[in-house]
Amino acid sequence: MSLHSAAQSLVSLAEAGQKGGQHESLSPYVTGGSALFILLLLLWITTRFNRDR
């Protein structure tokens, strides 16, 4: 790989990073909401099956 092509690939990566770098169909609210739901579900399962009390 020549120096010129390496520089071009670095420039294209930098331009992609400035655009947000995420897929258009991924909504941060849906991702965060589903992560919160999964964590609350795991907390509920943990507290239901904890027989040490």
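The values are calculated or read from the model by the stated rules, or taken from the named source; none is laboratory data. As the structure is a prediction and not an experimental result, all values here were calculated from the model. Please note that ligands, DNA and RNA were not included when accessible areas were found on the heavy atoms of the full protein model with its side chains. Shrake-Rupley method; radii C 1.70, N 1.55, O 1.52, S 1.80 Å.
Leu43 falls short on exactly one of the conditions (1) modelled with pLDDT under 80; (2) open to solvent by 90 Å² or more (accessible area, probe 1.4 Å), and that condition is (1). Specify the residue that is nearest to the chain's Cα centre (by Cα); the eligible residues are those in region 13-40 that are modelled with pLDDT under 90 and assigned to a helix (DSSP H, G or I). The qualifying residue nearest to the chain's Cα centre (by Cα) is Pro28.
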